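Encoded as C-alpha cells, the structure appears first; notes follow it.
The values are calculated or read from the model by the stated rules, or taken from the named source; none is laboratory data. Only a predicted model underlies this, so the values are computations on that prediction, with no experimental measurement involved. With ideal geometry, Cβ positions are generated from the backbone for all residues, glycine too; neighbour counts draw on all protein chains shown.
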Amino acid sequence: MDRSLPLDKHKLVTNLRSMHKEVVAVTGDGTNDAPTLHEADIGLATGIARTEVAKENVDVIILDDNFSTIVNVAKWGRTVYINIQKFVQFHLTVNIVALMINFISACISGSAPLTAVQLLWVNLIMDTLGALELATEPPHDGLMNRSPMRRGVSFITRAMWRNIAGQSIYQMVLLFVFNFAGKQILGLNDSDATIILNTFIFNTFVGDTKV
C-alpha cells in the first residue's frame, strides 16, 4: 500500500479496524497521509521532510527514519505491558493471601496474625520496590515472536488467573497449617509464642516482597 492513493489507504485502515477488529499502525510523511494516520490506532511519522499536518496526527515521530526503531518501540511496549501484568499478578496474589489468612484466622480463633500496620508496610514496600524492579527489566528478542494482543483482550488473562489461584491456594494452605499448628511444629510454649509465630508469618510476606 506504499504507493496507493490516500483514499485507498484510509479505506484499508478503516476496514481493518471496524470489520476485523485489528490494531493498525500506519507510517506516513505527507499531508495526504494525515487522515489515515489519524484513523489508525498508532500513527508513525517518517521521512526527512515531515509536514506539520502529518506530525499533528501521529502518535510517534521517528527521528532517525529507521524502520528498526519501530521494532524497538514495539518491543519496549510489549515489555512494559508484560511487566505490568507480572506486577498486578504478584500484587493480587499477596493481597488475597494476606486478607484471607487474616479473615479466616479471625473467624476461627478471634485474632488475626497480621496487623493493619504490617499490611500497610507490605503494600508500600511491594508497590515501590516491586514496581522499580519490574520497570527495569529489559526486553528480550523472544517477545517479537509472540502474536500481538488483539483488541478487547482482557488485561488479566486466564493464565494469570490460574497462576493467582494456584499460588494463593498453595500459600494459604501452608500459612494456615503454620498459623494453627506452628506452635507445636516450632516447639513454642512460652508466653511470647503467639508473637513469635505471627512474626514468622509476617516475614513470609516480607520474603515474597523481596523475591
Residues (under 26 Å from residue 25 (Cβ atoms) and either modelled with pLDDT under 85 or of a type in the set (S, T, N, Q) (or both)) located in the stretch 155-166: 157
Residue 171 being part of a helix (DSSP H, G or I), surrounded by 12 or more Cβ atoms within 10 Å (Cβ to Cβ) and in contact with a Ser or Thr (Cβ under 6 Å, 6 or more places away or on another chain): no
Selection within the stretch 128-154 - more than 16 Å from residue 85 (Cβ to Cβ), of a type in the set (A, V, I, L, M, F, W, C) and at pLDDT below 80: 129, 132
Qualifying positions in the stretch 177-193 - touching a residue at least 40 places away in the same chain (Cβ under 8 Å) and surrounded by fewer than 16 Cβ atoms within 10 Å (Cβ to Cβ): 180
Conditions (1) modelled with pLDDT under 90; (2) farther than 19 Å from residue 99 by Cβ; (3) among the small types (Gly, Ala, Ser); (4) surrounded by fewer than 17 Cβ atoms within 10 Å (Cβ to Cβ): number failed by residue 207: (2)
Every residue from the stretch 89-107 that is surrounded by 15 or more Cβ atoms within 10 Å (Cβ to Cβ) and hydrophobic (A, V, I, L, M, F, W, C): 90, 92, 94, 96, 97, 98, 100, 101, 104
